[in-house]
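Worksheet for the structure shown next.
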Amino acid sequence: MMSNVSHCRKKNQRPEDQIREIEVLIISAQGLKNVKHLTKMKAYAAVYVEKDVHVGFGHVDEHGETNPTWNEVVKVKFHAKLAENDVLAAVNVDIYAHGHVREKPVGSARVLLCDVLKGGDDSEPVDNPIQCLTVQVWRGSGRPQGLLNLWVPPTGRFLMRRESLSFSVKEEEG
């Protein structure tokens, strides 16, 4: 009975209140500023469109330091109408260095939603080509420092499971 009530609420939501979820593949970054001077930098990414609605977090890369590799899909939620109503709405990626005492900001990157969400139907593979983006990472000071590689499918959803896609992952020497 309870699930029917919540289902009805979702159906009756006003369009401006509806939440959309997209998937962002955070691949890697290169040439980041090392903000950890005494210990090894262990970077992770926080991904959001509207920080007050939802922030998705990637895992901490324990080994890459200033060149982290994540190859991780992060789900991000935001108000569905935002992409249509705000041409400056963007997928934001804040990169942090994990610390025992506090998290240190490394830099940020952003990609406009209108540049990556091109529509199309999740059931139509031809409308969802593989498209990797490389964007500038900016320090808090406003200086460019490093690059971020990511992929946002034009429909906002991957058409196949990520495990079935080919990625080159740096193997650890053992």
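The values are calculated or read from the model by the stated rules, or taken from the named source; none is laboratory data. What you see is a predicted model, and the numbers here were worked out from it, not measured in a lab. Cβ sites come from the backbone with ideal geometry, for glycine too, and all protein chains shown count toward neighbours. Heads up: the accessible areas ignore ligands, DNA and RNA and are worked out on the full protein's heavy atoms, side chains in. Shrake-Rupley method; radii C 1.70, N 1.55, O 1.52, S 1.80 Å.
Across the range 72-87, what is the number of residues that are open to solvent by less than 40 Å² (accessible area, probe 1.4 Å) and either at pLDDT 95 or above or aliphatic (A, V, I, L, M) (or both)?
5
Among the numbered criteria (1) among the hydrophobic types (A, V, I, L, M, F, W, C); (2) more than 21 Å from Trp151 (Cα to Cα); (3) modelled with pLDDT of 95 or more, which single criterion is violated by Val60?
(2)
Just name the residue that is nearest to His79 (Cα to Cα) out of those in the range 16-35 that are out of contact with any Phe, Trp or Tyr (no Cβ under 7 Å at 6 or more places or on another chain) and crowded, with 17+ Cβ neighbours inside 10 Å.
Residue satisfying both the conditions and the ranking: Ile22.
List, please: which pairs have Cβ atoms under 6 Å, are six or more places apart or on different chains, and start with a residue in the range 16-32 that is touching a residue at least 24 places away in the same chain (Cβ under 8 Å) and under 15 Å from Ala46 (Cα atoms) and end with one that is in a strand (DSSP E or B) and hydroxyl-bearing (Ser, Thr, Tyr)?
Cβ pairs passing all conditions: Ser28/Thr69.
Does the range 39-56 hold any residues that are surrounded by 15 or more Cβ atoms within 10 Å (Cβ to Cβ) and either assigned to a loop (DSSP other than H, G, I, E, B) or of a type in the set (Phe, Trp, Tyr) (or both), and which are they?
Of everything in the range 39-56, those that are surrounded by 15 or more Cβ atoms within 10 Å (Cβ to Cβ) and either assigned to a loop (DSSP other than H, G, I, E, B) or of a type in the set (Phe, Trp, Tyr) (or both) turn out to be Met41, Lys42, Tyr44, Tyr48, Val49, Glu50, His54.
Say we look at the range 88-102 and pick out the residues that are surrounded by 13 or more Cβ atoms within 10 Å (Cβ to Cβ) and of a type outside the set (A, V, I, L, M); which of these is modelled with the lowest pLDDT?
Applying the filter and picking the extreme gives Gly99.
Of the numbered conditions (1) open to solvent by 50 Å² or more (accessible area, probe 1.4 Å); (2) more than 17 Å from Leu25 (Cα to Cα); (3) modelled with pLDDT of 85 or more; (4) not in a loop (DSSP other than H, G, I, E, B), Val106 satisfies every one except a single condition; which is it?
The one condition Val106 does not meet is (1).
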